[in-house]
Every structure is written in structure tokens, then in C-alpha cells.
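Scroll down for the structure; my scribbles are underneath it.
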Amino acid sequence: MDIQNNGYMSIARLTDQYLGKSQRVPVRETKEGLTFQDVLQQKVQPDACRLKFSKHAMGRLADRNIELNDNQLERLASGTRKAEQKGIRDSLVIVDSLAFIVNVPNQTVVTAMDSTQTDENIFTNINGAVIM
């Protein structure tokens with residue numbers, strides 16, 4: 001309902017125009033269940049970039065002043081792929097003097113540490129290890 005006739009639209013009309021009547025295109029998926037965005041990201045990003053770091057792992061990297069170079073990231077991703085090929089779900093991946101716990105199905109680094117910071121060199125809740 002337009003109350004004003006001064007060329008301005010009412011709040012109700014603006015709300016309908018911008019919020020109420022938006023026509024969204026349904027998201028279509030491939031046979032594998034991937035959306036267009038998923039496929040595009042796979043093509044654009046190299047394998048090393050598909051590895052995600054959890055919030056906890058990012059905090060550990062920052063707290064422990066651990067910086068990974070591109071070579072180390074690629075080796076970490078390669079170790080994760082090898083663990084996946086062997087059917088490992090939660091893996092310890094060692095790259096140089098750095099240790100990472102990786103949830104392989106989710107391609108997510110759960111935590112990270114330097115070898116000097118492991119108390120007794122005991123790792124729990126893993127079912128495999130890859131040394132790169």
C-alpha cells in the first residue's frame with residue numbers, strides 16, 4: 001500500500017521487491033552430489049589447497065610459531081592422499097620436524113605440533129601414520 005505519492009516507494013513495497021519475491025535458481029548437483037561451485041573449486045585449486053585446517057589447528061600453528069612453506073604443504077597433502085589410499089581415517093603425518101593429526105575423510109588437519117613440543121612422543125586416536 002503506497003501512502004505517499006511523492007515518487008518514493010513505501011517500505012512494504014521495497015521489502016517485497018528486494019526480499020519477498022526473489023526467485024532463486026535451484027542448486028543442481030552432479031551424479032556424485034557435487035554442485036557447480038564444488039566442481040569449479042576442484043578445477044581452480046590445486047590438491048594442496050584442498051586440505052583444510054581446523055580452527056584448533058590454526059590456533060596451534062599460531063601459538064607455536066609454525067609456518068609452512070609450499071613444499072611442506074604439498075608433502076602434507078601427499079601424505080594425506082597416501083593415508084587415504086591405505087584406508088586410514090585419522091592419521092599422523094610427519095613432515096620434516098612437524099607432526100600433524102589429519103582427519104583423512106574430511107581432508108582436515110586437526111592439530112599440529114613441532115617435534116620439540118611433544119611431551120612424550122605419544123599420539124592417540126590415530127589408526128595410521130605417514131612419514132614424509
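For the stretch 49-132, divide the Cα radius of gyration by the Kirkwood radius and give the resulting Rg/Rh value with two decimals.
Numbers: Rg = 11.5 Å, Rh = 12.5 Å.
With Rg and the Kirkwood Rh in hand, the quotient comes to 0.92.
Report ³J(HN,Hα) in whole Hz for each residue of the stretch 51-63, in order, from the Karplus equation J = 6.51 cos²θ - 1.76 cosθ + 1.60 where θ = phi - 60°; Gly and Pro get x.
6, 9, 10, 5, 4, 4, 5, 4, x, 5, 4, 5, 4
If amide hydrogens are placed 1.01 Å from N in the peptide plane, which non-local residues have theirs closer than 5 Å to the one on Val104?
Asp90, Ser91
Where both residues lie in the stretch 45-132, what percent of DSSP beta bridges are antiparallel, nearest 5? Before the final figure, lay out the partial values.
On the way: 12 of 18 bridges.
Roughly 65 percent of the beta bridges in the stretch 45-132 run antiparallel, per DSSP.
List, in order, the whole-Hz ³J(HN,Hα) value for each residue of the stretch 66-71 obtained from phi through the Karplus relation with A = 6.51, B = -1.76, C = 1.60 and θ = phi - 60°; use x for Gly and Pro.
Per residue, the Karplus-derived 3J(HN,Hα) values read 9, 10, 9, 8, 4, 4 Hz.
Each value in this text was obtained by applying a stated rule to the coordinates, not by laboratory testing. On a predicted model such as this, the values are computed, not experimentally measured, just so you know.
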